[in-house]
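The values are calculated or read from the model by the stated rules, or taken from the named source; none is laboratory data. Please read all numbers here as calculations on a predicted model, not as lab measurements. Every residue, glycine as well, gets a Cβ built from its backbone with ideal geometry; the counts of neighbours run over all protein chains shown. What goes into the accessible areas is simple: the full protein's heavy atoms, side chains included, and nothing from ligands, DNA or RNA. Shrake-Rupley method; radii C 1.70, N 1.55, O 1.52, S 1.80 Å.
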Amino acid sequence: LAAADWFTAKVSAAGILPATYAFWQAHATKGDSDNEAKRELRILFKDLSEDDTPMVRRSAAKHLGKFVEAVAGLTETADDLIKGGKAQPAILDDSKRLVTYELVPIFQALSSDEQDSVRLLAVSCAGSVGCGLSREPAVTAEVVLPVVRGGCADLSWRVRHNLAKVFSTVTGSLGFVGPKHTARQTEVFQFFAGLLQDNEAEVRAAAVENIARMAQLGGCDLFQKHIAPLLPALADDLVMEVRSKLAQTLMDCCDPAICNTLTDEIVLEDFKPLLENFLNDEFAEVQLHILTKLSRVSHLLGKMDVVVSSILQMAKAQNWRVREAVGRLLPFLAEARGVAFFQDHLLDPWLKIMSDQVADVRSACVDGMPKLLNVSGSQWIQAE
């Protein structure tokens, strides 16, 4: 396939090589013949990455990340390693040397290709290259960071868009952890802030999705210095998709499984005004991203009077999905504000939702009954 005359066969060959190399890596012996076979596979991939046809180089760039992971002997993808918060697996010195001297030049060449359709796929592999280099800061600063710097400033918005989509994975793969690497961490967050302010809405929306992961990787200080000042402008973005993604990622910032570095004080100071605006957004999709996950900050609802009043108004919303989300949330308000508050302000809306004409809305109230029972007690439930 790799030596075929037509580019279609070469495109297929580039897609097969990573799986072939990974299989050979897992099952081959350490003899000279096996090493020679793997060397031939690497040469084939290099030849494809230098092909005259852009479609072939594009295919090589698309599968470069998987090929790097195969050569490095990684059993999990870079995305799984970084997002799962897993430690860097040990990589053999021979494998690391192959990645450094054979695959890094391919990565650098493809990421500076004249065709933006090639570059946009190459920059997406930066996370895999970083993990293939064992996330060693001294090495990634020389190899991966310049590609990230160039990708963030690329004239093609599609390159910036593809980099923005995987930015948290790339950041984690750089290995810039601890006070020793503060300067480089700051530089990476400055790049990210630039993507959040990009002229293209697609780039901003893709970058916004990474905010929770970036907050986890950088901690409170970098979040407040580089990301928090940009949130109000993003919350008022003219493009609904950006606001929708921001609403979603703000609630992810409050999920300990995704981000546990932001304190309640930061949530109340930086997030509360945004949540109030999102609950009054003209699009139900934006409202639902907040409503369906607002239980994650239920312990803070006692300090969010405007949010609570907005929720009460939304109990009468025309969109039944909004009413459903409110029905699920009201028991959490009872827990946050107390049974007396629930009885005075929330009981009537809750009973109306219980008799809603849409079955899923009524079902949402029934699902919340155990929570309400735990908060109020069985005697109150029977009496009221």
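For the stretch 187-289, please list each of the helices (runs of 4 or more DSSP H) lying entirely inside it that holds at least 3 residues being under 30 Å from residue 144 (Cβ atoms).
Result: 201-208, 211-222, 231-235, 240-253.
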Output yes when any residue across the stretch 173-184 is hydroxyl-bearing (Ser, Thr, Tyr), farther than 27 Å from residue 279 by Cα and buried (at least 18 other Cβ atoms within 10 Å of the Cβ), and no when none is.
-> yes
Go through the residues of the stretch 228-241 one by one and say whether even a single one is in contact with a Phe, Trp or Tyr (Cβ under 7 Å, 6 or more places away or on another chain), crowded, with 22+ Cβ neighbours inside 10 Å and within 28 Å of residue 285 (Cβ to Cβ).
-> no
Assuming residue 252 fulfils every condition listed in (1) among the acidic types (Asp, Glu); (2) open to solvent by 40 Å² or more (accessible area, probe 1.4 Å); (3) under 18 Å from the mean Cα position of the chain (by Cα) apart from one, which condition is it?
-> (2)
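Condition first: under 24 Å from residue 312 (Cα atoms), open to solvent by less than 60 Å² (accessible area, probe 1.4 Å) and of a type outside the set (Val, Ile, Thr). Now tell me which residues in the stretch 256-271 satisfy that.
Matches in the stretch 256-271: 268, 270, 271.
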Counting only residues that are touching a Ser or Thr at 6+ places or on another chain (Cβ under 7 Å), open to solvent by less than 40 Å² (accessible area, probe 1.4 Å) and under 13 Å from residue 368 (Cβ atoms), the stretch 309-338 contains a total of 3
Hey, residue 279 hits all of (1) open to solvent by 20 Å² or more (accessible area, probe 1.4 Å); (2) more than 28 Å from residue 84 (Cα to Cα) but one; which does it fall short on?
-> (1)
Is it the case that some residue within the stretch 51-59 is under 24 Å from residue 145 (Cβ atoms), open to solvent by less than 20 Å² (accessible area, probe 1.4 Å), among the hydroxyl-bearing types (Ser, Thr, Tyr) and assigned to a helix (DSSP H, G or I)?
-> no
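Residue by residue, here is whether (1) within 24 Å of the chain's Cα centre (by Cα); (2) basic (Lys, Arg) holds:
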residue	(1), (2)
66	yes, yes
80	yes, no
87	yes, no
98	no, no
123	yes, no
134	yes, no
142	no, no
Using the structure shown, decide if residue 348 is within 24 Å of residue 168 (Cβ to Cβ), acidic (Asp, Glu) and either touching a helix residue (DSSP H, G or I) at 6+ places or on another chain (Cβ under 8 Å) or free of Cβ contacts under 8 Å to residues at least 24 places away in the same chain (or both).
-> no
